[in-house]
Structure formats: C-alpha cells, structure tokens
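Notes follow once the structure below has been shown.
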Amino acid sequence: MSYRVGWVADHERVFAELQEAIGWEQLDITMFGRTVPTPRLTAWMGEVAYSYSGLLNEPQPWPPTLAALRDRLGDELGVAFNSCLANLYRDGSDSMGYHSDDEPELGLRPTIASISLGARRNFALRHRVSRQRWTWSLGEGDLLVMREEAQSDYAHAVPKTSKPVGPRMNLTFRVFQA
Ligand SMILES: O=C(O)CCC(=O)C(=O)O
Ligand SMILES: [Mn+2]
C-alpha cells in the first residue's frame, strides 16, 4: 500500500466535473433474499460489464477528465489501467461494507489505484486472519495504491458515519482482463 496526500491538486474542479459527467447509477443488491438499493451511487468505465457482489455493472463512456487521470496514473505507476469503478457517497449514511477486490478478471495480486475527491471519509483495511485494522482519512485528491497481497490477505471498507459530512467521490482504477 502507498498513500499520497493531495495527488490531484485541483480536486475541487475535478470533483465538480466528474459529478456532472459520470453516468451515476444506484443499483439494487439482493442479500439473504432481500433486495435493497446499494447505499451509494456507482458507475463502471471499462470495456466489458463487471459483476461483483451480485451487481451487474454495464460499461459507461470515459469522461475526458477521468481518462486524463487514468493516463497520468498509468504513466506514474507503470500500470496500463483500462477500467474504473467510481463511487459517490452522498452523505455519511452512504457506505461500502468490508470486501476485497478479488474477482478473477482482476488477476492475482492486482495493483488498484484509488483516488478520493470531496469530503474526507475513513477507509478501513482489516487483515483477514489477525483482524488487525488500519484506517486512513481519504478525500481532497488523495491517492491510495493497493498492491500485492492487499486483496488476498486484507478486506477494506468505507464505514457509515453519524458525523455531518459532504459528498465524497472515489475512483478505483483497475486492470481488467476480459
Ligand atoms: O471508496 C473507497 O475508498 C473504496 C471503494 C472500493 O473499495 C471499491 O470501489 O471497490
Ligand atoms: Mn474495493
């Protein structure tokens, strides 16, 4: 894992542009026979559809601002990112439960670059066996890069918060092998 504060310098402009330009959706998730809307908005930019946790994400076009971030990350990290899952947490009651990005299409030990824009929220990382936990406050243009065993040995989450918080956008760039 590596962490860079404020990697996107003009993060307020980028947030505003992507809030407009991305085709946000709220998908339904079925768990234990109950169907509820996912507690966040999402969009998937890739070449083919992506299924995770029973959610089918149809690919959306890349807004130019997002493609520019993908290309800058690709140059800096030497990774040919070809897809992005975008999440918009509208307020503190939007969240993401513990999971790993370990779908077979992402390959073994994937490098996933995660950019956070807008309000800061806690991002929690938990070891699968020891349950040891780390948290980062991610927002305002921060970059977190997950590498190596970050998916196979750990799970991550964005917990709900009762504190008043504004919207936070997260962009996770991935290499997706169709
Ligand atoms: O919002 C975040 O920081 C994490 C998002 C995430 O884990 C994902 O999109 O798979
Ligand atoms: Mn994830």
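The values are calculated or read from the model by the stated rules, or taken from the named source; none is laboratory data. Being a predicted model, the structure only gives us computed values, none of them experimental. Every residue, glycine as well, gets a Cβ built from its backbone with ideal geometry; the counts of neighbours run over all protein chains shown.
Details
- Filter pass, residue 76 being farther than 22 Å from residue 4 by Cα and either under 15 Å from the mean Cα position of the chain (by Cα) or not in a loop (DSSP other than H, G, I, E, B) (or both): no
- Answer residue from the stretch 157-178, given it is farther than 19 Å from residue 93 by Cβ and not in a loop (DSSP other than H, G, I, E, B) and is nearest to ligand 1 (Cβ to nearest atom) among those: 172
- Selection within the stretch 101-154 - within 11 Å of ligand 1 (Cβ to nearest atom) and among the charged types (D, E, K, R): 101, 102, 103, 120, 121, 142
- Qualifying position, being assigned to a strand (DSSP E or B), aliphatic (A, V, I, L, M) and closer than 12 Å to residue 173 by Cα, among 88, 69, 143, 117: 143
- Some residue of the stretch 27-48 being surrounded by 15 or more Cβ atoms within 10 Å (Cβ to Cβ) and farther than 26 Å from residue 93 by Cα: yes
- One residue stands out in the stretch 45-66 among those that are assigned to a strand (DSSP E or B) and modelled with pLDDT under 95: the one that is nearest to ligand 2 (Cβ to nearest atom), namely 52.
- Note on the stretch 131-151: among residues that are away from ligand 2 (no atom under 13 Å from the Cβ) and of a type in the set (S, T, N, Q), the one that is nearest to residue 4 (Cα to Cα) is 137.
- Search result, residues across the stretch 131-177 that are among the hydrophobic types (A, V, I, L, M, F, W, C), within 21 Å of residue 77 (Cβ to Cβ) and in contact (Cβ under 8 Å) with a residue 60 or more places away in the chain: 136, 143, 144, 145, 146, 150, 169, 171, 173, 175, 176
- Any hit, the stretch 75-83, residues being at pLDDT 95 or above, charged (D, E, K, R) and surrounded by fewer than 17 Cβ atoms within 10 Å (Cβ to Cβ): yes
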